[in-house]
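Inspection log for the structure reproduced underneath, given as structure tokens.
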Amino acid sequence: QAGRGAVMRWDAPLEERARRKVDIAIGLRRALETNRLDLAYQPIVRLSDGVIVGVEALIRLPAHGSLAGLADLVTPAELVEVAEGTGEIDELGRWVLAEATHQAALWQRMDREVRVNVNMSVRQLSDPDFVQAVRSALAAAKLAPDRLVIEITEGQLLGEGDRANDTIRRLRADGVMLAIDDFGTGYSSLSYLRRMPVKTVKIDRTLLAGVGSDPRATTLVRAVIGAARGLGLQVVCEGIENLATARLL
């Protein structure tokens, strides 16, 4: 992973991490084969009135049966990383799309007008069949395209975003929304906010650390929100854990 011409001493923590990845890979394969994956939905709340306007779909291993002990310890990011390594990311992505759009459609029929956010990697967006997979999921669920938000991280856009440009523009032409996730963890290239057909910027929780107590942190977040607002974008702040921060934001 570090590249050629490098030496790394094998030790217990390395072995532990390797075993963990194997366990997660086995658990993921088993869950996919038995259709027993779970999605958790994290609410996106409008700060002005506390109304839930959307949810983010987060993939989980089933918290029951033989995988229960592992499920509590595995984050969605770990699952995606393992799926990319084993080549199962496309199958996992299709399952998440189908499940998330189906759930959003159920809420819509209950008069709960919420958008559902689904995380996708550049590799998935670079797949020529991805647009059709999204269209099929929306059609099967009978969900309007603007109820779906595809999230892609800032780091992925900076690294390989050009390969996914065509897919992104086709999705936007269909009416699907696009959000930049984890903004503030990479280079925070504002040029992407101007060039890409983005509707939402999600400010990473690390950028919110110190807001309200550290004037520099507060000024930085104000600047990001101001830039996004000036471009007509929605802003989502991740990791708000107290009322003081919520009120300030």
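Summary table below
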item	result
Relative packing of peptides 30-39, 93-102 - highest average C-beta neighbours within 10 Å first	93-102, 30-39
For the chain, built as a Gaussian network whose Cα springs stay under 10 Å, the top-fluctuating residue of E16, E81, E113	E16
DSSP-defined beta bridges in the chain - what % are antiparallel, rounded to 5	30
Cross-link partners of K142 among lysines (Cα-Cα below 25 Å; sequence separation of 8 or more within a chain)	K199
Per residue value of the accessible surface for the range 113-154 (all protein chains in place, 1.4 Å probe), Å²	38
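The values are calculated or read from the model by the stated rules, or taken from the named source; none is laboratory data. Computed from a prediction, not measured in an experiment: that's the story for all the values here. Every residue, glycine among them, receives a Cβ derived from its backbone with ideal geometry; neighbour counts consider all protein chains shown. Each accessible area value is taken on the protein alone, full model and side chains, heavy atoms only, with ligands, DNA and RNA left out. Shrake-Rupley method; radii C 1.70, N 1.55, O 1.52, S 1.80 Å.
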